[in-house]
Amino acid sequence: MKHLLKMFDLTPEEITEILNLADQLKYEQKHGIDKGYLKGKTLGMIFQKASTRTRVSFEAGMFQLGGAALFLSSNDLQIGRGEPVQDTARVLSRYLDGIMIRTFAQKEVEDLASYGSIPVINGLTDYSHPCQVLADLMTIREHKGKLEGLKVCYVGDGNNMANSLIVGCLKAGMAFSCATPKGYTPAEDVLQFAKEYPCFTLTQSPAEAAKDADVLITDVWASMGQEEEASIRRKAFAGYQINSELLTYAKPDAMVLHCLPAHREEEITANVFEAHADEIFDEAENRLHAQKAVLVKLLGA
């Protein structure tokens, strides 16, 4: 494991190792145990997309591990003024121990890793969101005691979250059902991968997808950069909402997760969100612990 660019990069064994380490680091943080895993290490954080959870969790995580994090807005970097990404990668590799980037194009993340000589972590692209999915898997395992054999249902846009959840959950030994409207399905390479798993279902019916699910997950209908499509998407996604009715198809003790920010009464109703708020905010907290595990794996000795 040299980088974390997408969930495809991780083997099932590596996913388990990261989750086990995340559990350990969470325990140590809660009990005031400071081992200084990344003392003297510096992470550069490039943001071409705004963020709450990604910035705060990575910055706090590096501090807790004994290292430092630098916030690098694209407005402040030459990459935002046309410098080729390959030049930025080679320069930053001389200064830093690792790079986290939150951007639009997956190719930009891949190019950083290709031309640089230090670990690169995908903090989010339009294609993939691996750090969030590791936090999701961590949260499910905390609440359910296992991953293998559970069924996850995703309802909504076939976006970066859907892409990463499909790969991550299937590799973790889970069944996965995905309900998306026509024209909003996940990436083709992800669907080709999922075809190898009999426990994967793609449907246009949220009720079919939610049947006997242990976990229901959704995301916003219009992601950052899709604001102009919001009205079109609201029509396309009408009915693709996690609400009390949909929960009747799932198991009685089903969890509900949301990567946040949530648009109440669009992809999820307010009453369902609040009823499952403990799970959702455990999920948000676990971004910190899962990412710390990735940082230790990639930047540690």
Checklist outcome for this item: Karplus-derived 3J(HN,Hα) from phi for segment 103-110 (6.51 cos²θ - 1.76 cosθ + 1.60, θ = phi - 60°), whole Hz, x at Gly and Pro, runs 8, 8, 8, 4, 4, 5, 5, 4
Item to check | Fewest-first ranking of T11, T125, using other Cβ atoms within 10 Å as the exposure measure | outcome: T11, T125
Checklist entry - Please state the relative contact order of the chain as a whole percent: Cα pairs under 8 Å, 6+ residues apart? => result 21
Item to check | Cα-based helix-to-principal-axis angle, 53-64 vs the chain, degrees rounded to 10 | outcome: 50
Checklist entry - In a solvent-free Debye calculation with one equal scatterer on each Cα, what is log10 I(q)/I(0) for segment 29-128 at q = 0.14, 0.19 Å⁻¹, listed in the order of the q values? => result -0.51, -0.90
Next on the checklist: Using the Cα centre of segment 1-52 as the reference point, and only Cβ charges (+1 on K/R, -1 on D/E), how large is the resulting charge dipole? Debye, rounded to the nearest 20.
Outcome noted: 320
Checklist entry - When the gyration tensor of the chain is built from Cα positions, what are the square roots of 5 times its three eigenvalues, in whole Å, from largest to smallest? => result 31, 22, 17
Item to check | Rounded tilt (10° steps) of 85-95 against the dominant C-alpha axis of the chain | outcome: 60
Item to check | Dipole magnitude of segment 32-166 about its Cα centre (Cβ charges: Lys, Arg +1; Asp, Glu -1), debye to nearest 20 | outcome: 340
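Give me the number: length gained by fully extending D189 to S73, i.e. 0.36 nm times residue separation minus the C-alpha to C-alpha distance, one decimal in nm. Present the calculation step by step, with values, prior to reporting the outcome.
Details: separation 116, 0.36 × 116 = 41.76 nm, distance 3.09 nm.
Net length gain for the segment: 38.7 nm.
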Checklist outcome for this item: Once the dipole of the chain is set up from charges on Cβ (+1 Lys and Arg, -1 Asp and Glu), the residue from the list P186, T218, S117 lying farthest towards its positive end is S117
Checklist entry - Which angle between 0 and 90 degrees, to the nearest 10, do you get for helix 12-30 versus the longest principal axis of the chain when only C-alpha atoms count? => result 80
Checklist entry - With contacts defined as alpha carbon pairs under 8 Å and 6 or more residues apart, what's the relative contact order of segment 212-301 in percent? => result 34
Checklist entry - Which of T54, I99, Q29 sits farthest toward the positive end of the charge dipole of segment 16-103, with +1 on the Cβ of Lys and Arg and -1 on the Cβ of Asp and Glu? => result T54
Checklist entry - Treating the beta-carbon of each Lys and Arg as +1 and of each Asp and Glu as -1, no other charges, what is the dipole magnitude of the chain about its Cα centre, to the nearest 20 debye? => result 600
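Just so you know, all these numbers are worked out from the coordinates, no wet-lab data involved. All figures in this text were calculated on a predicted structure; none of them were measured in a lab. For neighbour counting, all protein chains shown are included, and Cβ atoms are generated from backbone atoms with ideal geometry for every residue, glycine included.
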